[in-house]
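Okay, so here's the structure we're looking at.
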Amino acid sequence: MATLVPSARRRLAEPMRAKVAKLVALVALVAALALPGVAVPGRASAGQVAAVTGGVTGPADGSATGRLSPALVPAGAAFRGRGAPVAPKVPQGMLSGVSCPSPASCMAVGDQALAMWWDGSTWAVHAARSYGPYPPSFASVSCPTATFCMAVGSYTGGSPGHFLPARPVAELWDGHAWGIEPVPLPKGRAYGVLTSVSCRSPSWCMAVGSSGAVPLAERWDGKSWAGTPVASVEGANGATLSVSCPGTGTCLAAGYYNRGLGSAAAVLPLAERWDGAGWHVLATPALGGSSWSGFNSVSCTGPQSCMAAGYYVCRGCAARNATMAASWAGAKWAYLTVPTHVGANSYLNGVSCASRASCAAVGNWGDGGVMAELWDGRSWSQVPVALPPDPGANGALDAVSCPVAGFCMAVGYYSGSGAPNQALAERWDGHRWSWAM
């Protein structure tokens, strides 16, 4: 939120869009470990349903009931408009995580130690700390208040030509500056990455990631990080997770895991629940029996109210990869119908819910268009999102935060006319999306 690491995961077929910080971190890890590449989750739909049988414990079996046909939306300019010609100073880089405790305060993070604060009207850069000559790549951030944020990701040390395996990083924002908070690794492990974090207060956070083929979870108690054992799926050779904690005694992590090698390789959805004492694998069948699907993001408004989003390889569809979303009501997953573009690969990379009846999901499609979907408690609908006014602009939205119904901030990156990647932010005001950076 990755073996098909958080970046690679959503763009298997789109090398031109190297995944933001999440994928970057995972790719670095895979390269360092010489592990087989991983692929990512699929996209589905929302509204109607192929309910999936589930339990609260037990390994995911990769099976599913039924097959959904994604609602199709023509791949056209209507969903790839251009923003009004405003020109704020935009930093280079990619943003991969965002958290807004209120509409007047948001923190966004990304690669190369990039961190930016939104005060309700403008963005300001507040660069995070670096680890020697190498800046960290952040995958996620969580801000329970305007004066406390925790960002997580990874960094690769060493020297040019002699890079060391990636290590997990966490940095704390106190409202004025960033500070490094050491992250311990499980005994016997020398490398790892953190891909997602969720904080309930300045004294309680949960972060998830991976160390080689093993899932990784760390808990913050206000003073330091400590590891918490994570359940593994039998036969998995790598996993990537996103996490959301509606309370200190309950979290839900959703993502995907890799199984098999070569022609037998598969990427399957994975979900685990934290009950305050330990992690337990939830039965999470693949949509329509797809052998290539998974979640990139999850958002919970309560212990029995979560929404996960991603993508899946759709058999018989005009496009190979289609958007996917599923709701969790405490006992089983229900796949929902999500609009997707006709003839264009579509991916949902981030999701955020202000309530059970108000969610937003963002991603990218086809040749570099950005996309956004809204959930009203009954169905998903696609709404136009504008890229900056560059005729050659293409990009992706990788994360979104909706502190209240009627306001969301989504972040990612865009590039155009041969220019390097630049940070991208889009704001939802309850009626439309507009370019906010």
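The values are calculated or read from the model by the stated rules, or taken from the named source; none is laboratory data. This structure is a prediction, so every number in the text was calculated from the model and none was measured. Positions of Cβ are generated from backbone atoms using ideal geometry, with glycine treated the same way; all protein chains shown enter the neighbour counts.
What about GLY238, is it surrounded by 17 or more Cβ atoms within 10 Å (Cβ to Cβ), farther than 23 Å from SER327 by Cα and either among the aliphatic types (A, V, I, L, M) or within 20 Å of the chain's Cα centre (by Cα) (or both)?
In short, yes.
Against the numbered list (1) crowded, with 18+ Cβ neighbours inside 10 Å; (2) modelled with pLDDT of 95 or more, GLY302 comes up short only at (1). Kindly check whether there is at least one residue in segment 419-432 that is closer than 19 Å to GLY93 by Cβ, in a loop (DSSP other than H, G, I, E, B) and among the polar types (S, T, N, Q). Yes, the conditions are met somewhere in segment 419-432.
Test of understanding: among PRO144, PRO184, PRO168, which residue is part of a loop (DSSP other than H, G, I, E, B) and under 21 Å from GLY222 (Cβ atoms)?
PRO184
Looking at segment 192-214, which of the residues that are over 20 Å from the mean Cα position of the chain (by Cα) and not in a strand (DSSP E or B) is nearest to SER142 (Cα to Cα)? Result: PRO202. When segment 404-418 is filtered for residues that are surrounded by fewer than 19 Cβ atoms within 10 Å (Cβ to Cβ) and in a strand (DSSP E or B), only VAL404 remains.
Among all residues of segment 258-278, there is at least one that is β-branched (Val, Ile, Thr) and over 19 Å from GLY330 (Cα atoms).
Take THR248 and tell me if it is polar (S, T, N, Q), within 18 Å of GLY350 (Cα to Cα) and at pLDDT below 95.
no
Of the strands (runs of 3 or more DSSP E) contained entirely in segment 215-298, those carrying at least 1 residues that are small (Gly, Ala, Ser) fall at 225-227, 236-247, 250-259, 266-274. Quick check on segment 261-268. Is at least one of its residues at pLDDT 90 or above, within 21 Å of the chain's Cα centre (by Cα) and within 22 Å of ALA170 (Cα to Cα)? Within segment 261-268, none of the residues are at pLDDT 90 or above, within 21 Å of the chain's Cα centre (by Cα) and within 22 Å of ALA170 (Cα to Cα). Consider segment 91-107. How many of its residues are surrounded by fewer than 18 Cβ atoms within 10 Å (Cβ to Cβ) and either within 20 Å of the chain's Cα centre (by Cα) or in a strand (DSSP E or B) (or both)? Count: 2. Consider segment 306-332 and keep the residues that are modelled with pLDDT under 95, out of contact with any helix residue (DSSP H, G or I) (no Cβ under 8 Å at 6 or more places or on another chain) and assigned to a strand (DSSP E or B). The one that is surrounded by the fewest Cβ atoms within 10 Å (Cβ to Cβ) is VAL313.
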